[in-house]
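Contents: one structure, followed by commentary.
The values are calculated or read from the model by the stated rules, or taken from the named source; none is laboratory data. What you see is a predicted model, and the numbers here were worked out from it, not measured in a lab. With ideal geometry, Cβ positions are generated from the backbone for all residues, glycine too; neighbour counts draw on all protein chains shown. Protein only, heavy atoms only, side chains kept; ligands, DNA and RNA dropped before computing areas. Shrake-Rupley method; radii C 1.70, N 1.55, O 1.52, S 1.80 Å.
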Amino acid sequence: MSHYAIVVDLDRCIGCHGCEIACKNENEVELGSFWNKVVQVGPFGDYPHLHQYFLPVMCQQCDDSPCTHVCPTGASYRDENNVVLVDKEKCIGCKYCMMACPYGVRSWSPSEHVVEKCTLCGQLTSVGEEPKCVAACCASARFYGDLDDPNSDASKALAAAGADSVHRLKDVGNGPQTAYILSAK
């Protein structure tokens, strides 16, 4: 089965927030809501040897997604490509999926009264394009593809980075698939 996800090279990310803006524009994400948010981590260390990096956080496309398990209507589901999505027509606004997400990456739409999240730009990827955040990244720090396909851009980026430089957000039994590349400094 496919595992589509985004890989972010934190060694390249400059924290410009272009991915946030591209996502908001492409998906008409409301003000105050984020499907992709860039967080500054640090600075840490001792002066003058300080370090920091920028961590874009979005849906982690978990192997065992808690959001889909708690949804009483099936609005949170996996599609035929194994991508976690929300069917707005089925969403009753209970927000159980928001509470179940260990990463806080689901948003409430006050105008539609439904939960929303990153869709990996299915409207674009279904016609062979990249997700808008990947295409808009001026630092070429984002890669998209099937993690089970060694020829995908995402898999190639992970292979080139080496296992010691590949990280994921904390796994609480859900198996996050979004990967981050950060080399030891």
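The alpha carbons of the stretch 49-185 occupy a box of 46, 38, 27 Å along the principal axes, longest dimension given first.
With a 1.4 Å probe and every protein chain left in place, work out the accessible area per residue of the chain in Å², rounded to a whole number. Let's see the in-between values first.
Numbers: 9620 Å² over 185 residues.
Roughly 52 Å² per residue, with all protein chains present.
Please list, in order, the residues from the stretch 143-158 whose amide nitrogen is less than 19 Å from a point placed 7 Å along the Cα→Cβ vector of S183. So the set is 143, 154-158. For the cross-link pairs K90/K132; K95/K117; K88/K132; K37/K132; K24/K132, which exceed 18 Å when the distance is taken from alpha carbon to alpha carbon? With Cα atoms farther than 18 Å apart: K90/K132; K88/K132. Karplus-derived 3J(HN,Hα) values for the stretch 95-102, using 6.51 cos²θ - 1.76 cosθ + 1.60 with θ = phi - 60°, are 6, 4, 5, 5, 6, 6, 5, x Hz; glycine and proline are entered as x.
Quick check: net charge around P110, other residues with Cβ under 13 Å of its Cβ, Lys/Arg +1 and Asp/Glu -1?
Working: positive: K95; negative: E30, E112, E116.
So the environment of P110 carries a net charge of -2.
Would you calculate the separation in nanometres between label points at D87 and S140, each defined as 7 Å from the Cα along the Cα-to-beta-carbon direction? Distance between the two pseudo-spin positions: 4.1 nm.
For the chain, the list of Cys residues with no other Cys C-beta under 4.7 Å reads C13, C16, C23, C62, C71, C91, C94, C101, C121, C137, C138.
For a modelled paramagnetic label at K170, 7 Å from Cα along Cα-to-Cβ, the residues of the stretch 34-59 in reach, with backbone nitrogen under 18 Å, are 39-42, 55-59.
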